[in-house]
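The values are calculated or read from the model by the stated rules, or taken from the named source; none is laboratory data. Computed from a predicted model, the values in this text were never measured in an experiment. Reconstructed Cβ throughout: ideal geometry from the backbone, glycine too, with neighbour counts over all protein chains shown.
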Amino acid sequence: MEQPIIRIGNSKGLRLSKSILDRYQIKDRVEVILEEGQIVLKPVSTPREGWDKAFKQMHKRGDDQLLLDDVFDEENFDQWD
């Protein structure tokens, strides 16, 4: 697929279509990898983004309680000294 290089201010850039962005799950950032004779664009993913806010909300609602007892409550760690 051939794409034109476009002027963006004093720089130049590459415009990617929405279908390409969706297909490769590209959100706001890409990693640019320079390899011999080619440039590779790799989506930057943040798989745990927003977890901190979700955990805080869970704590406020009391949804962060253990469902099972802690398996180490009855352990005697003195034997490991």
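Points worth noting:
- For the condition of a type in the set (Asp, Glu) and either in a loop (DSSP other than H, G, I, E, B) or surrounded by 10 or more Cβ atoms within 10 Å (Cβ to Cβ) (or both), Asp69 qualifies.
- Index of the failed condition, Glu31 passing every other in (1) within 23 Å of Gln3 (Cβ to Cβ); (2) of a type in the set (D, E, K, R); (3) part of a loop (DSSP other than H, G, I, E, B): (3)
- Residues located in segment 1-28, provided they are surrounded by fewer than 10 Cβ atoms within 10 Å (Cβ to Cβ), in a helix (DSSP H, G or I) and not charged (D, E, K, R): Ser19
- In segment 50-66, residue modelled with the lowest pLDDT [restricted to those that are surrounded by 10 or more Cβ atoms within 10 Å (Cβ to Cβ) and among the charged types (D, E, K, R)]: Asp64
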